[in-house]
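Student: This is the structure I have questions about; it appears just below.
Please treat every number below as a calculation from the coordinates, not as lab data. Just so it is clear, the structure is predicted and the values come from calculations on it, not from any experiment. Neighbour counts are summed over all protein chains in view; Cβ atoms, including those assigned to glycine, are modelled from backbone coordinates with ideal geometry.
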């Protein structure tokens, strides 16, 4: 029996060489399906490599330019007015090394005249488009600004977080409730019907959800709450909640189903009522699976693009109420990638945002997977 | 004597309360979506006729039909399937028939989960970085379809793996004992016995692929192209992007036109899904083992 799945070693006992055509085909197929098997790993690595390749230049890039602070320093050093005037033509121009910058200045005002300011020009002209601190803490995202582009993602992060958070406020209780109802209270055909319905709801494309937010929920919010615009956190939150709920319900229901029936029977034999069985036995036993369901729902709404692009109002804003319009990270990429020139700072900044999104969703999925695997081991 | 104690009555009341509460929660989750679908059908269904499906958009997309977008979506989905179905089925065969439960297999599984979980816009960035720029496919059906194919690969892998694993081990063992090689067993026994389950997964993938917008936005789908694509290196219109464009980017589009596009898109996706589900239910009833 043991050699049933072994086709490699030719039998030495009877000297019969089994390496005929079928054997070679078998080997070839084994190699081919192995390559296909690892394709998922290749693609994940590929995704990371390619978005990093396009975006990392932005993080690492150093420019040298005569920016305002350099002019201020030059003025402090008492550079003559005429020379200051002369070198303003270089303002905003980018050089790859400080020496290039110095040479350009020397060319205009002469080597001798530039000598006293050499130190300032070389050392203070460093001008990086990416600034880790402002990238994470500045709420100003103005990549197309003529004067000085700013790449701060705080408002975008807050936008994504507020919409996802609001969506989860709706989706978590309702989908867990629905999972308990479908998994524990109904049986037979009714259960099948509800499960199929939930599965169908999960299939509605996100662009259709965005359209629903735009043309159905938007006027509804304006009418109900008397606000000037209905494209806001409330709108996108409701939509994302409705989008994430079917997925969470399905996974949570699977987690409840995985609790062995003998747990329920033992509790019922002790005289527990149905809801006692559910809350004291089934839910605690399935808690890991339920947490994983919630995490995957969070990951899903976090990465949702088209629906938030269309329903949040897409204005950069630190919101103070659920009636404020916001802008999400995913939506920013979707809206701006088309107009950013390939290789420009703006383009690379959007890929940097992509790296950030990739890392966050990767972490969420990894955590959910670890939790679920913990359940399987138990 | 047992039935009527005060505690028991209270318990039963609480249970009834919870039952109603959970039923309400389920209803509140499903009902709005059903209402939304009904409105979309009501407002969009009246616009859709053969003329709408088979004519070009006219007057800057403010009137006319959706023919190029419909054809474009069919192109995108077909090319994506050509790429992802063989790859996904082969990967599922590896995972179900060859791989043992090792750390390496676990990493593959993790990669599959992540491939499904990475935001669609990140897939779009990957498509731009890899296919449009690095491999120089340009913005074309090929680049867009490869992006879509990679994104929906987990759907094929997971559903195929499930249906392969549903074939009982005894079938394989019987075949091996007749002296068949592993591949002969898979080809003659495992695949024929799971082909319908695999088809179910493929139909599901079609519906996922047809509805995706973000991954095709920058890789191959155009806002407006009055002519049909001639080869996989052309750009094309797509249903999903067309809905986005006429709903947000073009001023003065009559409302019912957008509803019409939304209705066609959703009818396409839900029909595919229902087909896949019906197929699955039918198979389950027919299974002999």
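Student: Per 10 Å bin from zero, what fraction in whole % of the C-alpha pairs of the protein assembly as shown is there, up to the bin with the longest pair?
Tutor: Reading the bins upward from 0: 3, 13, 21, 22, 17, 11, 7, 3, 1, 0, 0, 0.
Student: Name the residues of region A:219-262 whose amide N is less than 16 Å from a point 7 angstrom out from the Cα of residue A:321 along the C-beta direction?
Tutor: Backbone N within reach: A:221-235.
Student: Something else now. Using the count of nearby Cβ atoms within 10 Å as a rough guide to exposure, how do A:253, B:173, B:212 rank from fewest to most?
Tutor: Neighbour counts put them in this order, fewest first: B:173, A:253, B:212.
Student: Would you kindly calculate the mean projected area, averaged across all directions, of the convex hull enclosing the Cα atoms of region A:239-286, in square nanometres? Don't jump to the answer; show the numbers that get you there.
Tutor: Working: hull surface 14.1 nm².
Mean projected area for region A:239-286: 3.5 nm², to one decimal.
Student: Most fluctuating residue of B:92, B:143, B:278 in a GNM of chain B with Cα springs under 10 Å: which is it?
Tutor: Greatest mean-square fluctuation among the candidates belongs to B:278.
Student: Another question, if that's okay. With r defined as the distance between the Cβ atoms of residue B:106 and residue A:197 and R0 fixed at 45 Å, what FRET efficiency is calculated, to the nearest 0.05?
Tutor: 0.85
Student: State the percent of C-alpha pairs, over all pairs in region A:154-377, separated by a distance greater than 31 angstrom.
Tutor: That tail contains 31 percent of the Cα-Cα pairs.
Student: Would you mind classifying region B:50-286 by shape? Square roots of the alpha carbon gyration tensor eigenvalues, ordered a ≥ b ≥ c; an a/c under 1.5 is rounded, otherwise it is prolate if a/b is larger than b/c and oblate if not. The partial results should precede the final answer.
Tutor: Working: a/c = 2.70, a/b = 1.91, b/c = 1.42.
Cα axes put region B:50-286 in the prolate bin.
Student: Using Cβ contacts closer than 10 Å as the measure, can you line up B:258, A:134 from fewest to most? Kindly include the intermediate steps, with their values, before the conclusion.
Tutor: Details: B:258 24, A:134 15.
Fewest-to-most Cβ neighbours within 10 Å comes out as A:134, B:258.
Student: Here's something else I'd like to know. Mean separation of Cα pairs under 8 Å and 6+ residues apart, divided by the residue count of region B:50-286: what relative contact order is that in percent? Numbers along the way, then the final one.
Tutor: Values: 330 pairs, mean separation 66.9, N = 237.
Averaging sequence separation for qualifying contacts and normalising by length gives 28 percent for region B:50-286.
Student: Please order A:123, A:268 by the number of other Cβ within 10 Å, starting at the fewest.
Tutor: Fewest to most other Cβ atoms nearby, the residues stand as A:123, A:268.
Student: Run the numbers on chain A and let me know its relative contact order in percent, using alpha-carbon pairs under 8 Å that are six or more apart. Intermediate values should be presented prior to the final figure.
Tutor: Numbers: 481 pairs, mean separation 70.9, N = 378.
So the answer I get is 19 percent.
Student: Let me ask you something else. With each pseudo-label sitting 7 Å past Cα toward Cβ, what's the residue B:187-residue A:112 distance in nm, one decimal?
Tutor: 8.9
Student: For region A:63-127, what does the alpha-carbon gyration tensor say about shape, rounded, prolate or oblate, given a ≥ b ≥ c as the root eigenvalues, a/c under 1.5 as rounded, and a/b over b/c as prolate? Each step should come with its number before you reach the end.
Tutor: Working: a/c = 1.41, a/b = 1.25, b/c = 1.13.
Verdict is rounded for region A:63-127.
Student: Enumerate the residues in region B:114-128 having an amide nitrogen under 12 Å from the point lying 7 Å beyond the Cα of residue B:98 toward its Cβ.
Tutor: none
Student: Distance from the Cα centre of region B:192-246 to that of region A:267-282, in angstrom?
Tutor: 49
Student: Shape of chain A from its Cα gyration tensor (a ≥ b ≥ c, root eigenvalues): rounded if a/c is under 1.5, otherwise prolate when a/b > b/c, or oblate?
Tutor: oblate
Student: Using alpha carbons only, how many degrees (0 to 90, rounded to 10) separate the axis of helix A:98-109 from the longest principal axis of chain A?
Tutor: Computed tilt is about 30 degrees.
Student: With runs of 4+ DSSP H residues as the only contributors, calculate the mean residue ellipticity of chain B at 222 nm using -39,500 (n - 2.57) per run, divided by the residue total and rounded to the nearest 500.
Tutor: Roughly -22500 deg cm²/dmol at 222 nm, from the helical runs in chain B.
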